[in-house]
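Reviewing the structure listed below.
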Amino acid sequence: MHAVEQGASPGWFPDPAGSQVTVVPSRQGDGYLCPAFDPATSQCRLYEARPLDCQLYPLAVMWNAEHDQVVLGWDTKCPFMRENALGVRREALGVASPEVWMYVNRIAERLEQEEMLDTFVKHPRLIGRFQEDVVVLRPLLQVTERLTPDSLPLTTHHLPFTPHRPLTLADRPRFEEAFAAIEWIGGGPLAAYSFPYHCIWRALLSYWWIEIDGHLCLFAESPDGVFMPLPPLGTGPVTGAVAEAFRIMQERNRGRAVTRVENVPAGLKAELERAGYRLAPKDVDYFYRAADLVTLAGDRYKSQRAACNRFGREQGGLLESYESRDQDECLALYRDWRDQKLAKGMEESARSLLADSEAAHREAFAHYTALGLAGAVVRVKGAIRAYTFGYWLAPSVFCVLLEAADRTIPGLAQFLFREFCARAQAQGADFINTMDDSGLAGLAKSKQEYHPIELIPNWIATV
């Protein structure tokens, strides 16, 4: 053990692997102390070789209440975190600022690197037991996968517990099979009916799935509770699977209002209403004719056309396919773009979404091939100053998933969007879906300015 090499007593560690420290009574008789803590100086005697949990504090790695997932949380007993960083925003993922959330994500990324994953496998006692006073911030999916049996039951029906499988990249074929079987009636296809749409958010939400009555059921879990980001996927009547899914959510949520099914399409709305569920509108998807976005013809696209022309005249950049070697440069660009948007001033909901997005962009950079994403970059003077990713929703429908462009370069964002749509059109896309606007007025305005031919409705179902 490195700590012993630095002078720590072997007797401090009940486990020879060194995953825990035996605390000792305080001389003042008011509790217990770490034996490495020096009360006289208020310093750690082996700070440079301190254990992992000390390095992480006030964050903590532990099992969740059901002991089926490893999570990262913050200790509410820490005065600094309670008074300065978190505190009053517990209901909103427990984080009061994008800066704190970015720090949490960086720590999580470190914990899920290969070397740390091997360490957790060798020393599983590094993962603490569930504690009520530690607020769960996000799941550690890779750690969970390493420590969870490879084969779990895939079906459930009125069991006293809910066996399930965490969503992994290997599940893509099963989900694509389910999505391909959907018959779109009364609008669609919705952007949410795709594997990458959900999988890139695995760092922030715990996704897991089961089969109920022949329907694939995807669940997502946040600190607020469990919900379904999609209705059950399968052929035939869906109400039986929906009823069982609501039972599972209500059981796990214990009365919390988070229980719901999102992204209910128009073709399913009437069936769920007849079954007694309440349907409330959700943000619409924006749906365009690809040719309109590529040609930018007519007065209604005058400003976008002028922006593209200016970029071509002043910069002369070209759209190139994204490659794995571009990952670090794209991440640096994301941070520049994020800082540019924050400096401009944003509403709180937009700031929170921006803070969360880095993890999703990282997932796209690292696993774009396994996710089924198409990516592209634009270089200006040899440096990547814009990137975008998307996926196929249907043989003739392409969806733009995410993008970032240096806001100091006029026309770059418009050029990126036009050229990416042109590439999709050349590969057979007649239509482009750009997802919803997340309830952000500025984003809604920019999407409307490209004149969608349809606003695809969808709903949220509750009991």
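The values are calculated or read from the model by the stated rules, or taken from the named source; none is laboratory data. None of the values given here were measured: they were computed from a predicted structure. Please note: Cβ atoms are built from the backbone with ideal geometry, for glycine as well, and neighbour counts cover all protein chains shown. Accessible surface areas use protein heavy atoms only, side chains included; no ligands, DNA or RNA. Shrake-Rupley method; radii C 1.70, N 1.55, O 1.52, S 1.80 Å.
A compact table of results
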item	result
Matching residues in region 237-251 - criterion: being assigned to a helix (DSSP H, G or I) and open to solvent by 30 Å² or more (accessible area, probe 1.4 Å)	239, 240, 243, 247, 250, 251
Residues being open to solvent by less than 50 Å² (accessible area, probe 1.4 Å), out of contact with any Leu (no Cβ under 8 Å at 6 or more places or on another chain) and under 16 Å from residue 120 (Cα atoms) - total across region 33-55	1
Residue check for residue 421: assigned to a helix (DSSP H, G or I) and at pLDDT 95 or above	yes
Qualifying residue in region 419-434 (condition: in contact (Cβ under 8 Å) with a residue 40 or more places away in the chain, among the hydrophobic types (A, V, I, L, M, F, W, C), more than 22 Å from residue 182 (Cβ to Cβ) and in contact with a Ser or Thr (Cβ under 6 Å, 6 or more places away or on another chain))	yes
Close pairs from region 187-198: first under 13 Å from residue 176 (Cα atoms) and without any contact (Cβ under 8 Å) to a residue 40 or more places away in the chain, partner open to solvent by 10 Å² or more (accessible area, probe 1.4 Å) and hydrophobic (A, V, I, L, M, F, W, C), Cβ under 9 Å, at least 6 apart	198/205
Members of region 341-391 found to be of a type in the set (A, V, I, L, M, F, W, C), open to solvent by 50 Å² or more (accessible area, probe 1.4 Å) and touching a residue at least 60 places away in the same chain (Cβ under 8 Å), listed by number	353
Residue identified as of a type outside the set (D, E, K, R), closer than 15 Å to residue 134 by Cβ and at pLDDT 55 or above among 49, 60	60
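The rows are residues; the columns are (1) at pLDDT below 90; (2) open to solvent by 10 Å² or more (accessible area, probe 1.4 Å).
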site: 185; (1), (2): yes, yes
site: 195; (1), (2): no, no
site: 203; (1), (2): yes, yes
site: 219; (1), (2): no, no
site: 225; (1), (2): yes, no
